[in-house]
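Participant: Structure in structure tokens, see below.
The values are calculated or read from the model by the stated rules, or taken from the named source; none is laboratory data. Note that the structure is a prediction, hence the values are computed from the model and not measured. FYI the Cβ positions are ideal-geometry reconstructions off the backbone, even for glycines, and counts take in every protein chain you see.
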Number of protein chains: 4
Amino acid sequence: MDGKMMAIMKAKPAYGAELVEVDIPKPGPGEVLIKVLATTICGTDLHIYEWNEWAQSRIKPPQIMGHEVAGEVVEVGPGVDDLHVGDYISAETHIVCGKCYQCRTGNYHVCQNTKIFGVDMDGVFAEYAIVPAQNAWKNPKGMPPEYASLQEPLGNAVDTVLAGPIAGKSTLITGAGPLGLLGIAVAKASGAYPVIVSEPSEFRRKLAEKVGADYIINPFEEDVVKEVRDITDGNGVDVFLEFSGAPKALEQGLQAVTPGGRVSLLGLFPRDVTIDFNNLIIFKALEVHGITGRHLWNTWYTVSRLIQSGRLNLEPVLTHRYKGFDRFEEAFELMRAGKTGKVVFFPHRS
Amino acid sequence: MDGKMMAIMKAKPAYGAELVEVDIPKPGPGEVLIKVLATTICGTDLHIYEWNEWAQSRIKPPQIMGHEVAGEVVEVGPGVDDLHVGDYISAETHIVCGKCYQCRTGNYHVCQNTKIFGVDMDGVFAEYAIVPAQNAWKNPKGMPPEYASLQEPLGNAVDTVLAGPIAGKSTLITGAGPLGLLGIAVAKASGAYPVIVSEPSEFRRKLAEKVGADYIINPFEEDVVKEVRDITDGNGVDVFLEFSGAPKALEQGLQAVTPGGRVSLLGLFPRDVTIDFNNLIIFKALEVHGITGRHLWNTWYTVSRLIQSGRLNLEPVLTHRYKGFDRFEEAFELMRAGKTGKVVFFPHRS
Amino acid sequence: MDGKMMAIMKAKPAYGAELVEVDIPKPGPGEVLIKVLATTICGTDLHIYEWNEWAQSRIKPPQIMGHEVAGEVVEVGPGVDDLHVGDYISAETHIVCGKCYQCRTGNYHVCQNTKIFGVDMDGVFAEYAIVPAQNAWKNPKGMPPEYASLQEPLGNAVDTVLAGPIAGKSTLITGAGPLGLLGIAVAKASGAYPVIVSEPSEFRRKLAEKVGADYIINPFEEDVVKEVRDITDGNGVDVFLEFSGAPKALEQGLQAVTPGGRVSLLGLFPRDVTIDFNNLIIFKALEVHGITGRHLWNTWYTVSRLIQSGRLNLEPVLTHRYKGFDRFEEAFELMRAGKTGKVVFFPHRS
Amino acid sequence: MDGKMMAIMKAKPAYGAELVEVDIPKPGPGEVLIKVLATTICGTDLHIYEWNEWAQSRIKPPQIMGHEVAGEVVEVGPGVDDLHVGDYISAETHIVCGKCYQCRTGNYHVCQNTKIFGVDMDGVFAEYAIVPAQNAWKNPKGMPPEYASLQEPLGNAVDTVLAGPIAGKSTLITGAGPLGLLGIAVAKASGAYPVIVSEPSEFRRKLAEKVGADYIINPFEEDVVKEVRDITDGNGVDVFLEFSGAPKALEQGLQAVTPGGRVSLLGLFPRDVTIDFNNLIIFKALEVHGITGRHLWNTWYTVSRLIQSGRLNLEPVLTHRYKGFDRFEEAFELMRAGKTGKVVFFPHRS
């Protein structure tokens, strides 16, 4: 497919990005070209935009940004036999080696040689994009593209929430940013009760309420541990899901979870964290799961079906929808300021 | 508490039961007396009413029938220190020994010395009833008594559905009788999708639809295995939950479940069952769980919270509500004919 | 590599096999040629030899038999970059598609499009053999070839024994044929105690004892259920592992396992089996696992390390060792008569 | 039973203890009196002896020390019907309430109202001792008393090692003090391979070798992470078991465990610990278990059977055996100096 397309390019090793016109790329062997129907912004994109320390060490401009996507296959590269023009797909963003110890034991999400789509190669903030065929995920026809694009981050939320039993379990979620909001939606759709959310931002607390949180705490004004105990007959919650990356939230959550309970850690901390392992983990006999990526492909099946069930309350999470990329800087700045849930671009205006 | 009360009595070793007036019983050591607010009919009660082979071997008339219950404590027997007059309780119906191998390893639901409430002693189809304090479960104040009474059979449904992961799993439920309907409600509230139900009775298929089944099959007119495969991209379901007790349903479900899938068996079969273990279980690497009773008390916590979440669609399951016991024979006959979901009595008319 | 080699060929659609001289094969794309150092006989090979109903429907003579193997890579086909001449390998015998629902969710052992090495293509009862590179498993240098060849059936035994907790669990194993003996070795090395074995053949009971069974029962002369109860303080065993394929053994084992216990079924039954599901599975709340193949590659890692630990008592299992294939008919006939544990051929006499 | 007995008494709120003659106690309701056959020293006893900060806040002298024990019932208190004179028992040291959320959900090991035998009441470093009947564990007749006494700490080791799959798993154990040595024995008996031990003390490294460690590292002279990677083909270990309570060991272990691996934390740290949660837990997708106490009574069954299997190498762990209590100060001082494995007293010299 010949022609030009608009793309959000990390053009230089500095803050920001540029909207540029570039050639539509050609799919190589094992690749397909998709027309991007919807693409959502991830926290990682924000780090690249802001050009933080991690981005400086990993990203090599110029590069097209973005990795959460839904699109239609418009061209198929050599050697691809299970994808066809017209297929409606999303993409797993971890490109795994298939050879390492982790891959050979089914732990693709921690492949020792992972390359990340939109980080180690051109991404999807564009009208068209290349997707490695092995990373394509076929969507059912009726799924809205913005939901289909959300499947990738929903995978993280699903792995966080479903790392153990959740139906009928009392649950604390710390952090109601974009991923935390998805976590609330997944927890509610999976039968967690009560779902208690701790979040300092008023804007996000309101979103948490819309998504369906049963109790909402402002940790800057209320005593999180006391509130959780009051709600749970003094026992603390069965399950603690950390989405905030705030060391204080980690400590409060570990105090608020009931002895013998389960913990999932997804949020990344800004620095090393100091905690009282004896009293907060060991004597409480907690089970703590570090969460990264998504299980291939079990998690994708789970995510797709949860969306299809109609029980996943995603509407309030999708706070900002942009037709075209023209106002991309507004989108990034709003997200930086914590004034959004998930933000979606529909690159083709029609 | 002195006085008389009405009770449904299995009076004679024959078909049926009688509505009689008897003395309100006195709670002995370790017991409480409750005012029965709601009591629901179980299939076991039906067997006792019908005086089937099992009932003849186990029940010793005269005896008050019934075991699913919610009520208010009105008198406390000696030695009971954690229940008080005014407490709003339901009752676990298995009285366990606490000493056997199963009890000592946390498997109270298969205690080797279980006595069953309403089977091995007087039950709760009465205006007042005795409950052993160790079997009492405290309910939150706002829970409707008919839901509180349903918690016991919901426990079976929860153990059936939640014997493994269910959120985002494709699921086949065979049998939409009273327990199967509760199973549908639990599966939906826990994120299963799609929930496919196979049930020959038109009456029950309609109830299944109201409770929220995503696909409904009439196994007498449709090819269950083919339908399930069509719905699941040819793969079969991840989870098969057998509530019907029909040997044919077992076979169809084992054929319809995907290799590596999970199976729960709750329905009791009318006789020994012949199946092709090689092709239906071994080569498919299935995981099969026999389900009986409820885990003490984990399952009760799960059930109570699922009800409190408001996501458990119980209204369509409760098809028949009776004030007082006057029309109890109508209730039993309707249930025998398969013309009911769950049936509830409110013994005190006001 | 040019030249001729000796091979056991299923030459005709009839009982038996033939030792023939054929060309050493050339590895195609994605394949390697190995010099066979040791190869062991599987029950499947016996079925092909006997030309039973299953074999008649599946096998297309002429074809080289055999699939359990250890060998040295002597030639590497095009496109193979992670195997080299001199590598010491064994082979997984299931060639999986990598595309089906099972493969995409990590359940390769029940791949819907499995082809079996030595069944659907030429096998390893030969001096040299072709192995698909994706099925190769690298062995540590010091592992004896006869042990390295045993890894494939050990994988079945490991998946049977380790389908749930086993250390410190009382265990019943029914059937002490070649696979059952491997099961005993794995159970003992993994901390099971007591390991009780039920086996009618005196020859096999003696092998079971040598491998390390703690108690051995002759089910034709003793009451298996009573003996198991006597050994286990009346409780029955925690774990029941069925290796025999005898319907009677299945029934006895289900009676002998404690309520809430775990069951693995590996043995294939000669026909459909009739059992009392209510009393033997449902009321006992058993967890039953059908076992087939081996988890790729988790099980291989487990097997290899168990062998390397030196705690797996394999010596008594390897009852017959043949240099060259000359006496292959004796080997098959002894195995048919139940007069062997595992039988190994060392094709190259030196 | 009337008479006097010798006992090691924490007599004063200061360093040390005293050997005193006191009255043999009378068992009250629900209690039995045992003749102590063997009693072993725990790290907790050492803390009480040393009178550290924790001991000062918890212990109320005068009190008889000790809790690990095996003995024979010589007198039975009122209301005890399942223990009899002559029974050979050990004792679980956590006295649980049976009423709290943890107890009601089978998590007795983290009962919110636990009292500890020998900490909150008189203990077993005496010729006779009181044991609450509900805490008694019956031993098989032939088990040596010193092994029977070791079951309590073995329970901790078993819960640490068996918090997930272990057979055929590569394993790192940090710390080969008394509990770490028991951990090595359990890991080996359960099929772990290789078992790598990191321990700075030469005395303890030698004990680790005798117990059966496959590789032993001195973390003060060798690079633990590099050594572990070299042993495990560069992958790191599947399982990391922390027994040392050294922050540095925690960090090294988290670096040495393979992504997706399992971690158990038993050792108590001298202070809060600072770690890089992002890179050491979250990005590695680790599963971390805090371990405290023992599961009642599942763990006791496991421990008892592992001992009975004869595969648990306890002889090298029991480095010091004392007849009578006369040299108790030597015993405590040796243990303080790290010059012992487990130390056992046989109070009655004959």
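Participant: Can you name every residue in the stretch B:107-121 that is out of contact with any helix residue (DSSP H, G or I) (no Cβ under 7 Å at 6 or more places or on another chain) and surrounded by fewer than 20 Cβ atoms within 10 Å (Cβ to Cβ)?
Facilitator: Selection gives B:113, B:115, B:116, B:120, B:121.
Participant: Here's another thing I want to ask about it. Going by the conditions given, is residue C:228 more than 10 Å from chain B (Cβ to nearest Cβ) and either of a type in the set (Ser, Thr, Tyr) or more than 25 Å from residue B:271 (Cα to Cα) (or both)?
Facilitator: Values: more than 10 Å from chain B (Cβ to nearest Cβ): yes; either of a type in the set (Ser, Thr, Tyr) or more than 25 Å from residue B:271 (Cα to Cα) (or both): yes.
Considered against the rule, which asks whether it is more than 10 Å from chain B (Cβ to nearest Cβ) and either of a type in the set (Ser, Thr, Tyr) or more than 25 Å from residue B:271 (Cα to Cα) (or both), residue C:228 comes out as yes.
Participant: Whether any residue in the stretch A:121-132 is modelled with pLDDT of 95 or more and under 14 Å from the mean Cα position of the chain (by Cα) is what I want to check.
Facilitator: Looking for residues that are modelled with pLDDT of 95 or more and under 14 Å from the mean Cα position of the chain (by Cα), one finds none in the stretch A:121-132, hence no.
Participant: Is it the case that residue B:79 is surrounded by fewer than 23 Cβ atoms within 10 Å (Cβ to Cβ) and either touching a Gly at 6+ places or on another chain (Cβ under 6 Å) or without any contact (Cβ under 8 Å) to a residue 40 or more places away in the chain (or both)? Step through it out loud before you land on a result.
Facilitator: Details: surrounded by fewer than 23 Cβ atoms within 10 Å (Cβ to Cβ): yes; either touching a Gly at 6+ places or on another chain (Cβ under 6 Å) or without any contact (Cβ under 8 Å) to a residue 40 or more places away in the chain (or both): yes.
For residue B:79, the condition - surrounded by fewer than 23 Cβ atoms within 10 Å (Cβ to Cβ) and either touching a Gly at 6+ places or on another chain (Cβ under 6 Å) or without any contact (Cβ under 8 Å) to a residue 40 or more places away in the chain (or both) - is met.
Participant: Take the stretch D:101-120 and flag every residue that is of a type in the set (Ser, Thr, Tyr) and under 21 Å from the mean Cα position of the chain (by Cα).
Facilitator: D:108, D:114 - these are the residues of the stretch D:101-120 that are of a type in the set (Ser, Thr, Tyr) and under 21 Å from the mean Cα position of the chain (by Cα).
Participant: Here are some residues: C:136, C:148, C:176. Which one is more than 30 Å from residue C:60 (Cα to Cα), touching a strand residue (DSSP E or B) at 6+ places or on another chain (Cβ under 6 Å) and either in contact (Cβ under 8 Å) with a residue 24 or more places away in the chain or not assigned by TED's automatic domain parsing to the domain that holds residue C:28 (or both)? Even if it seems obvious, please write down each step before you answer.
Facilitator: Numbers: C:136 fails: more than 30 Å from residue C:60 (Cα to Cα); C:148 fails: more than 30 Å from residue C:60 (Cα to Cα).
Unique residue meeting the criteria: C:176.
Participant: Before we move on, is residue C:150 within 13 Å of chain D (Cβ to nearest Cβ) and either surrounded by fewer than 24 Cβ atoms within 10 Å (Cβ to Cβ) or closer than 21 Å to residue C:296 by Cα (or both)? If you could, list the steps in order and put the result at the bottom.
Facilitator: Numbers: within 13 Å of chain D (Cβ to nearest Cβ): no; either surrounded by fewer than 24 Cβ atoms within 10 Å (Cβ to Cβ) or closer than 21 Å to residue C:296 by Cα (or both): yes.
Answer is no for this residue.
Participant: While we're here: Can you report the number of residues in the stretch A:241-257 which are under 26 Å from residue D:105 (Cβ atoms), free of Cβ contacts under 8 Å to residues at least 40 places away in the same chain and in contact with a strand residue (DSSP E or B) (Cβ under 8 Å, 6 or more places away or on another chain)?
Facilitator: Counting residues in the stretch A:241-257 that are under 26 Å from residue D:105 (Cβ atoms), free of Cβ contacts under 8 Å to residues at least 40 places away in the same chain and in contact with a strand residue (DSSP E or B) (Cβ under 8 Å, 6 or more places away or on another chain) gives 2.
Participant: Go through D:208, D:213, D:189 for me and flag whichever is in contact with a Gly (Cβ under 6 Å, 6 or more places away or on another chain) and in contact (Cβ under 8 Å) with a residue 12 or more places away in the chain. Break it down stepwise before answering.
Facilitator: On the way: D:208 fails: in contact with a Gly (Cβ under 6 Å, 6 or more places away or on another chain); D:213 fails: in contact with a Gly (Cβ under 6 Å, 6 or more places away or on another chain).
The conditions single out D:189.
Participant: Considering only the stretch D:122-218, give the strands (runs of 3 or more DSSP E) lying wholly within it that have at least 2 residues that are under 28 Å from residue D:79 (Cα atoms) and out of contact with any helix residue (DSSP H, G or I) (no Cβ under 8 Å at 6 or more places or on another chain).
Facilitator: Numbers: elements: D:128-132, D:136-138, D:171-174, D:195-198, D:215-217.
Where strands (runs of 3 or more DSSP E) fall fully within the stretch D:122-218 and carry at least 2 residues being under 28 Å from residue D:79 (Cα atoms) and out of contact with any helix residue (DSSP H, G or I) (no Cβ under 8 Å at 6 or more places or on another chain), they are D:128-132, D:136-138.
Participant: Could I ask something else about it? What's the total number of residues in the stretch C:56-78 that are of a type in the set (S, T, N, Q) and under 13 Å from residue C:123 (Cα atoms)? Don't jump to the end; show me each part of the working.
Facilitator: Of the residues in the stretch C:56-78, the ones of a type in the set (S, T, N, Q) are C:56-57, C:63.
Adding the requirement that they be under 13 Å from residue C:123 (Cα atoms) leaves C:63.
Result for the stretch C:56-78: 1.
Participant: All but one of (1) over 16 Å from the mean Cα position of the chain (by Cα); (2) of a type outside the set (A, V, I, L, M, F, W, C); (3) more than 10 Å from every other protein chain (Cβ to nearest Cβ) hold for residue D:315; state the number of the condition that does not hold.
Facilitator: Unmet condition: (1).
Participant: Just need a number here: residues in the stretch C:277-289 that are in contact with an Asp or Glu (Cβ under 9 Å, 6 or more places away or on another chain) and of a type in the set (Lys, Arg). Steps first, answer last, please.
Facilitator: Just the residues of the stretch C:277-289 that are in contact with an Asp or Glu (Cβ under 9 Å, 6 or more places away or on another chain), to begin with: C:277-278, C:280, C:285, C:287-289.
Filter once more, so that each one left must be of a type in the set (Lys, Arg): none.
Qualifying residue count for the region: 0.
Participant: So, one more: For the structure I just gave you, tell me whether residue A:142 is farther than 30 Å from residue A:2 by Cα and not aromatic (Phe, Trp, Tyr).
Facilitator: Working: farther than 30 Å from residue A:2 by Cα: no; not aromatic (Phe, Trp, Tyr): yes.
Judged against the criteria, residue A:142 is not a match.
Participant: Any residue at all in the stretch D:173-193 that is over 22 Å from residue D:349 (Cβ atoms), in contact with a Phe, Trp or Tyr (Cβ under 6 Å, 6 or more places away or on another chain) and aromatic (Phe, Trp, Tyr)?
Facilitator: No - not one qualifying residue is present in the stretch D:173-193.
To keep it simple, each residue is scored yes or no on (1) more than 9 Å from chain B (Cβ to nearest Cβ); (2) among the hydroxyl-bearing types (Ser, Thr, Tyr); (3) touching a Phe, Trp or Tyr at 6+ places or on another chain (Cβ under 8 Å).
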{"site": "C:236", "(1), (2), (3)": "no, no, no"}
{"site": "C:239", "(1), (2), (3)": "yes, no, no"}
{"site": "C:243", "(1), (2), (3)": "yes, no, no"}
{"site": "C:248", "(1), (2), (3)": "yes, no, no"}
{"site": "C:254", "(1), (2), (3)": "yes, no, yes"}
{"site": "C:258", "(1), (2), (3)": "no, yes, yes"}
{"site": "C:262", "(1), (2), (3)": "yes, no, yes"}
{"site": "C:266", "(1), (2), (3)": "no, no, yes"}
{"site": "C:272", "(1), (2), (3)": "no, no, yes"}
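Participant: So, one more: So which of A:93, A:171 ends up being in contact with an Asp or Glu (Cβ under 8 Å, 6 or more places away or on another chain), within 13 Å of chain B (Cβ to nearest Cβ) and of a type in the set (Ser, Thr, Tyr)?
Facilitator: Details: A:93 fails: within 13 Å of chain B (Cβ to nearest Cβ).
One residue alone meets the criteria, A:171.
Participant: Does the stretch C:83-90 include one or more residues that are touching a helix residue (DSSP H, G or I) at 6+ places or on another chain (Cβ under 7 Å) and surrounded by 17 or more Cβ atoms within 10 Å (Cβ to Cβ)?
Facilitator: Initially, the stretch C:83-90 is screened for residues touching a helix residue (DSSP H, G or I) at 6+ places or on another chain (Cβ under 7 Å), giving C:83, C:90.
From what is left, the residues that are surrounded by 17 or more Cβ atoms within 10 Å (Cβ to Cβ) are C:83, C:90.
For the stretch C:83-90, residues touching a helix residue (DSSP H, G or I) at 6+ places or on another chain (Cβ under 7 Å) and surrounded by 17 or more Cβ atoms within 10 Å (Cβ to Cβ): present.
Participant: Does any residue of the stretch A:105-117 turn out to be under 20 Å from residue A:8 (Cα atoms), modelled with pLDDT under 95 and not assigned by TED's automatic domain parsing to the domain that holds residue A:243?
Facilitator: So the first thing to find is which residues in the stretch A:105-117 are under 20 Å from residue A:8 (Cα atoms), and the list is A:116-117.
The next check asks that each one be modelled with pLDDT under 95; those that pass are A:116-117.
So of that shortlist, the ones also not assigned by TED's automatic domain parsing to the domain that holds residue A:243 come out as A:116-117.
The answer is yes; a qualifying residue exists.
Participant: For the stretch D:278-302, what are the residues that are in contact (Cβ under 8 Å) with a residue 40 or more places away in the chain and either within 7 Å of another protein chain (Cβ to nearest Cβ) or touching a strand residue (DSSP E or B) at 6+ places or on another chain (Cβ under 7 Å) (or both)?
Facilitator: Here is the first cut: in the stretch D:278-302, the ones in contact (Cβ under 8 Å) with a residue 40 or more places away in the chain are D:287, D:289, D:291-297, D:299-300, D:302.
Once the filter is applied, which keeps residues that are in contact (Cβ under 8 Å) with a residue 40 or more places away in the chain and either within 7 Å of another protein chain (Cβ to nearest Cβ) or touching a strand residue (DSSP E or B) at 6+ places or on another chain (Cβ under 7 Å) (or both), the stretch D:278-302 yields D:287, D:289, D:291, D:292, D:293, D:297, D:300, D:302.
Participant: Moving to a separate point now. Tell me, please, whether a residue that is hydroxyl-bearing (Ser, Thr, Tyr), in the same structural domain as residue C:42 (by TED's automatic domain parsing), closer than 19 Å to residue C:68 by Cα and touching a Ser or Thr at 6+ places or on another chain (Cβ under 8 Å) can be found in the stretch C:287-310.
Facilitator: yes
Participant: Another question, if that's okay. Scan the stretch D:276-307 for residues that are β-branched (Val, Ile, Thr) and more than 24 Å from residue C:188 (Cβ to Cβ) and report the count. Can you show your working first?
Facilitator: Restricting attention to the stretch D:276-307, the residues satisfying the condition of being β-branched (Val, Ile, Thr) are D:281-282, D:288, D:291-292, D:299, D:302-303, D:307.
Still in the list and also more than 24 Å from residue C:188 (Cβ to Cβ): D:281-282, D:288, D:291-292.
Total satisfying the criteria: 5.
Participant: Given A:143, A:121, which one is closer than 24 Å to residue A:56 by Cα and of a type in the set (A, V, I, L, M)? Show your work before the answer.
Facilitator: Details: A:143 fails: closer than 24 Å to residue A:56 by Cα.
Among A:143, A:121, only A:121 is closer than 24 Å to residue A:56 by Cα and of a type in the set (A, V, I, L, M).
Participant: Follow-up question, since we're still on this one. With respect to residue D:292, determine if the residue is touching an Asp or Glu at 6+ places or on another chain (Cβ under 7 Å), polar (S, T, N, Q) and farther than 17 Å from residue D:38 by Cα. Let's see the steps before the verdict.
Facilitator: Details: touching an Asp or Glu at 6+ places or on another chain (Cβ under 7 Å): no; polar (S, T, N, Q): yes; farther than 17 Å from residue D:38 by Cα: yes.
Spelling it out, it is not the case that residue D:292 is touching an Asp or Glu at 6+ places or on another chain (Cβ under 7 Å), polar (S, T, N, Q) and farther than 17 Å from residue D:38 by Cα.
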